[in-house]
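Nothing in this text is a laboratory measurement; each read-out follows from the coordinates by a stated rule. The model shown is predicted, which means the values in this text are computed figures rather than measured ones. No Cβ is skipped: glycine too gets one built from the backbone with ideal geometry, and neighbour counts run over all protein chains shown.
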Ligand SMILES: Cc1cc2nc3c(=O)[nH]c(=O)nc-3n(C[C@H](O)[C@H](O)[C@H](O)COP(=O)(O)OP(=O)(O)OC[C@H]3O[C@@H](n4cnc5c(N)ncnc54)[C@H](O)[C@@H]3O)c2cc1C
Ligand SMILES: Nc1ncnc2c1ncn2[C@@H]1O[C@H](COP(=O)(O)O)[C@@H](O)[C@H]1O
């Protein structure tokens, strides 16, 4: 079996949940080799090993830490070449897609983005994607020696399969072309204390119907340990940061439960949440299209319904 | 200065979209249009042109079937100076690798100072073309910009990444993709619609680009679609109309029964 490279998202907070999901998929396809661009800690290596990483390669090149895609793609291309990787797996995020596109050009690899499943196939990997706002599923087979696949978070359950990984620090050579972009300023996203939007088991989103007051949405989310999202109307009005936008031009989420509060359910919004396991809608308008896809619909004012439920949940917990 | 703006012709997202039997996107059943997200690229090109002291030409470039000429037409109406439509039967069925090969060849031929694209196609939604073009052309790539500044030949943008918001900078020539936060596209006025009719549109085929037929299209694609299936539409479940707290009670019960708490 060839090696399968997994680009890890790992930092001081440990290893991201989607990275462990990638490892679970990688084990089906070959020998999982995890690449960490930056420093690792013993704890990170341990977690990766517990999930089946046979090797952990760390690349401590400073230019890679800024997160720019071009040098990252160049580094990964070298490692994929060295290890004769047949598959490179990345988590589907905008940043990783930039890397994946470049890598596919460098390796002349089959490129699949936003996969929801990856299986070994005869001539290469077989992937499944959900397209057109989640209304169709497409199964595709790669016929190239190498496939670069970005996988949506929550597509599989991360499973443990402990091994003792070989840890290695590796060198890469970066060209002038791939380091032509300068970072002038970088402000990390403020921590909210809530789970990461794309990884959360429950997402509670607010739309124009919040009227700009997200307090009820946030309190309800916190009572459920959920992440908070927003519709584009709410983002465009300046009520919530763009990083939390759900939909075609925002994040795609597939949680166990999605709660849409004061959101009408436009196709571009559905594109980002249609594959959620269960959907609940709270909306004043009984005709809102979101009700057509909700497992439970509550026709009512979110500013009274959500606080009442929040209260009941708190009481039940005592 | 010359800006090449990439515009894609896509099936309307508000219509019924689906696949034909051969696994390609069904373009018969729905109306096509200029991808809404590419309107932001056209808008940004015009804003940069207007802010510049130089004469700036904005060339709208598309690759696609005959109908894709519509995407060019719309871009010209919004205000692009001229258009190039790359159209060849052998291009049909190209994957992202093939598409980027063709578009990179067309861009090289146009020798622009700057390439501006949308953040993603509204049909494929891969969002990979800008990065692939940057890689193929060997030009710096600044993607997902919501704020764009051009000072001489220095391009500075603000980009909202996954974990950080960054101000990044590079020298032209470069590839830039802009988000739907970069500034609302203008509507084409009647005057521009009339003026667009006189603007020049060139049609290029693979020969014009010096590309071989077997390097692109379905023949060269490294992935083949094996099966497409419509997902069963989500069913409407129970709807409760809230009165005197019945909505909250139903929701609490749903959360408890589903073990979400
Ligand atoms: C190219 C393109 C990309 C787009 N991308 C996205 C995207 O990524 N994400 C996205 O979300 N949208 C996107 N949109 C926009 C999308 O078409 C809708 O305009 C948007 O989703 C509407 O947001 P909304 O549901 O919050 O607002 P509205 O459609 O205005 O709905 C508000 C709802 O709140 C209800 N309401 C009002 N008050 C209350 C109350 N007190 N209690 C309960 N309910 C109440 C109303 O009945 C109504 O149904 C995109 C559009 C385009 C053209
Ligand atoms: N066939 C095409 N013709 C012209 N531009 C395209 C084409 N495909 C993609 N693009 C451009 O590349 C951007 C990203 O596309 P994608 O990677 O397909 O999501 C789009 O917003 C367009 O600006």
**Study point:** Complete set of residues in the range A:192-207 that are more than 11 Å from chain B (Cβ to nearest Cβ) and assigned to a loop (DSSP other than H, G, I, E, B)
**Key:** A:192, A:193, A:194, A:195, A:199, A:200, A:207
Check your understanding: Would the range A:274-283 turn up any residue that is part of a loop (DSSP other than H, G, I, E, B), over 30 Å from residue B:159 (Cβ atoms), more than 8 Å from chain B (Cβ to nearest Cβ) and more than 16 Å from ligand 2 (Cβ to nearest atom)?
Key -> yes
Exercise for review: Kindly indicate which of B:66, B:113, B:70 is within 16 Å of the chain's Cα centre (by Cα) and surrounded by fewer than 20 Cβ atoms within 10 Å (Cβ to Cβ).
Suggested key: B:70
Point to revise | Enumeration of residues in the range B:22-61 that are closer than 27 Å to residue A:138 by Cβ, away from chain A (no Cβ under 14 Å) and away from ligand 2 (no atom under 16 Å from the Cβ) | key: B:28, B:31
Review point. Which helices (runs of 4 or more DSSP H) sit wholly inside the range B:34-148 and have at least 3 residues that are within 16 Å of ligand 1 (Cβ to nearest atom)?
Key: B:36-51, B:69-78
Review point. How many residues, within the range A:197-232, are under 20 Å from residue B:181 (Cα atoms), touching a helix residue (DSSP H, G or I) at 6+ places or on another chain (Cβ under 7 Å) and surrounded by fewer than 19 Cβ atoms within 10 Å (Cβ to Cβ)?
Key: 1
Exercise for review: Tell me which residues, restricted to the range A:139-191, are without any contact (Cβ under 8 Å) to a residue 40 or more places away in the chain and not in a loop (DSSP other than H, G, I, E, B).
Suggested key: A:139, A:140, A:141, A:142, A:182, A:184, A:185, A:187, A:188
Practice item. Would you mind listing the strands (runs of 3 or more DSSP E) fully within the range B:152-252 where at least 3 residues are more than 7 Å from chain A (Cβ to nearest Cβ) and in contact (Cβ under 8 Å) with a residue 60 or more places away in the chain? Key: B:174-178, B:201-204
Check your understanding: Does residue B:70 fit the bill of being away from chain A (no Cβ under 14 Å) and away from ligand 2 (no atom under 13 Å from the Cβ)?
Key -> no
Point to revise | Unmet criterion (only one of (1) crowded, with 24+ Cβ neighbours inside 10 Å; (2) more than 9 Å from chain A (Cβ to nearest Cβ)) for residue B:141 | key: (2)
Check your understanding: Say we look at the range B:105-124 and pick out the residues that are at the interface with chain A (Cβ under 9 Å from one of its Cβ atoms) and touching a helix residue (DSSP H, G or I) at 6+ places or on another chain (Cβ under 9 Å); which of these is farthest from ligand 2 (Cβ to nearest atom)?
Key -> B:122
